Every structure is written in structure tokens, then in C-alpha cells.
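See below for the structure under consideration.
The values are calculated or read from the model by the stated rules, or taken from the named source; none is laboratory data. Not measured: the values here are computed from a predicted model. Heads up, the Cβs are rebuilt from the backbone with ideal geometry, glycines too, and the neighbour counts pull from every protein chain shown.
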Amino acid sequence: MNIALCTDENFSVPALVCITSFFENNKDGSHHVFILTDGLSTKAQDKFQCLSKIYQQPIDIIQIDKHRFDGLRTNERFPISMYYRFLLPEMLPQEKKVLYLDCDIIVRHSLKKAYETNLDGKAIAAVVAESCDSLYFINNLKLTTPYFNSGVLLINLDYWRENNITEKLISFVDTHSDICTLPDQDALNKVLEGKTIYLDYTYNYQEWWFGSLLHYMHYDRWDDIREKGKDPIIVHFCEAEKPWFIECQNPFQKDFLHYANLHDFIGFRLQKRYGLAYKLSILLDKIGLKFRWWAERWQKQIIRNIKVSK
């Protein structure tokens, strides 16, 4: 299997954990991992090579030119590295297929069946997004096909090269920045509309599916999603409380911690997402809301007691 991840220095540890989980659960056959990056420290690169030696599988670190994406929309949560996957057909010129994985993912079982999906005439195989039935995304992009999550993509590299998909994706983000809420994902959904095979939920089990489905998914999906959530093949920690934060409530955080601590050289440390200043601000906000409630109640009482003279 060809596996690809895109990362920068900040996400190098989650990427190492993701790859570890993949190797641990896919020990049969040969695999080739490709890391697309705009720069990793020597220390980080050495860690990837340590994994390569342990599992006797090649890991190639490929330097990309991030200036290809100058001017495209980014923010703190969605850095420029989210676009690097667009370059996979160019960076892997000899390969026909690759399975792209976001770094905030763990692989819990074999991916052989998913990887063998027939992509003839199709650009990718993907899993619907946790908000796939939301009219916001459907109407915003004027989609006629289900909205998918871009964290797990089985990519037909030949199709992308033959149809100039990379440039079409970059162009879409550039010319539609006003409607791209999730820039890379929105572009992939629109440009590859009608050219996508939809995989089972288990291959990209997303955060919201562990909680309330009521507002985001049609009810006819609920039973299947809940059943697949008992033992998903891929868990995608796609919300803000990542598994490397103490505050994470995902039931599979323990699996992430297992792989994160499997090799000492990874250097994983559990962190706090919310510091003292943040918690204090929340407390002050609650006090402010309580004070406002009492003030409004007191004001209404005063108004009721006003006597209008005749």
C-alpha cells in the first residue's frame, strides 16, 4: 500500500502516531509511506526514519513548494499544509494509487479491503462528512452529491494527472474563497463532484458520530453509524479536542495514547488545551451572565412596583 500524510513541524508527532498505528495493524505485505512537508527539523526526520527501521518499511520525506498556494485562504485551525495533498499526483509520478490520511487519525485494523477499491473512472474514494446532510454545505457549494470528509482519501493518481485535478482544485479555492468554509474539503467536494466512490463509515469514523447525530445526519443513517462506532477501522479526531489533549472525550483516545507511547523516541506528551487564563475567562463569563439575569429580574420587579398617578 502507498500511504501519504502531509505535515509540518507542529504536527510531526501526531503524524508519527498515525503511521505507527497503521504499521501495527497492517503487518502483512509491503507498504510505502510518503510524507509531504514544507520543512521538518532533522530531529523530526530522524524519528520517521526510526519508524522505518522498526517496521522495515520505507518512509520518504518529500519537500514541496508551499508557494504554490500563496494567497489561498488559511487560518489557525486550517494551516497551509491542508493543501499539500493537492500535489500528490505530481510528487508521486510513478504511482497509480495512494491512500491519503490526515495526521489526527489512528488506524485500528487492516486497510487492505479499502485500498483494493476499484477506482476505474473515478477520482477518489472517501467517506461522507459528519455533517453531510447539512443543507449549509450542500446549498453553499450547490452540490448534487453527498458532502464527504477529506481526511481519508483513496486517490486515483492517474485520473488526477489526466484531468489536471491539482490545478482545478487550486483555482477553485482561489476564485471561491468567499464560499469556502473548509477550503481544501470544499474544493475537493465541488471539483470531484460525481467522481467519488463512497466508502463505509468505518474507514473514517468522525468525532460527532460519537455524540448527537440529530442535527447533522439524516435519521436513516443513525443505526449503521452507531454500529460501526463500536469497532471502527479508522478513527478521525477531527474536532478541536484532539487526543493529545487531556480534555479529549473521544472514547478511542486510549487507543491513540497506546500508539503514542509505543515508542519512546516519538516523544509524546499529553497536553492541556485550556490553560488557567481560558478557564478564568469562562468563569467570569458565567458570573457575568448570572449578574445579568439578576439585574434583569430586579429591573422587572421595579417596573411592576411603579405606581402611575392619576
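Some notes on this structure:
- Restricting region 132-155 to residues that are touching a His at 6+ places or on another chain (Cβ under 9 Å) and either more than 23 Å from ILE3 (Cα to Cα) or modelled with pLDDT under 90 (or both), the residue that is surrounded by the most Cβ atoms within 10 Å (Cβ to Cβ): CYS132
- Summed over region 217-238, residues that are surrounded by 16 or more Cβ atoms within 10 Å (Cβ to Cβ) and assigned to a loop (DSSP other than H, G, I, E, B) total 6.
- Residues that are out of contact with any His (no Cβ under 9 Å at 6 or more places or on another chain), of a type in the set (Lys, Arg) and under 11 Å from ILE266 (Cα atoms), drawn from region 19-56: LYS43
- Any hit, region 48-62, residues being modelled with pLDDT of 95 or more, in a helix (DSSP H, G or I) and among the polar types (S, T, N, Q): yes
- Selection from region 239-265 of residues that are in a helix (DSSP H, G or I) and under 10 Å from ASP104 (Cβ atoms): PHE256
- Enumeration of residues in region 19-47 that are exposed (fewer than 15 other Cβ atoms within 10 Å of the Cβ), acidic (Asp, Glu) and either on the phi > 0 side of the Ramachandran plot or at pLDDT below 95 (or both): ASP28
- Meets criteria (in a helix (DSSP H, G or I), crowded, with 20+ Cβ neighbours inside 10 Å and touching a helix residue (DSSP H, G or I) at 6+ places or on another chain (Cβ under 8 Å)) for LEU88: yes
- Of residues in region 73-84 being outside any helix (DSSP H, G or I) and out of contact with any Pro (no Cβ under 7 Å at 6 or more places or on another chain), the one surrounded by the fewest Cβ atoms within 10 Å (Cβ to Cβ): GLU76
- Some residue of region 65-72 being over 20 Å from GLU24 (Cα atoms), surrounded by 19 or more Cβ atoms within 10 Å (Cβ to Cβ) and touching a Phe, Trp or Tyr at 6+ places or on another chain (Cβ under 6 Å): yes
- Selection count, region 251-298, where residues are at pLDDT below 90 and surrounded by 13 or more Cβ atoms within 10 Å (Cβ to Cβ): 2
- Pick from region 147-168, criterion free of Cβ contacts under 8 Å to residues at least 60 places away in the same chain and assigned to a helix (DSSP H, G or I), ranking: farthest from ASP133 (Cα to Cα): GLU162
- Top-ranked residue in region 175-195 [being more than 19 Å from LEU101 (Cβ to Cβ) and hydrophobic (A, V, I, L, M, F, W, C); ranked as surrounded by the most Cβ atoms within 10 Å (Cβ to Cβ)]: CYS180
- Leading residue by the ranking (nearest to SER177 (Cα to Cα)) among those in region 63-72 that are assigned to a loop (DSSP other than H, G, I, E, B) and not aliphatic (A, V, I, L, M): GLY71
- Meets criteria (under 23 Å from GLU239 (Cβ atoms) and in contact with a Gly (Cβ under 8 Å, 6 or more places away or on another chain)) for ILE105: yes
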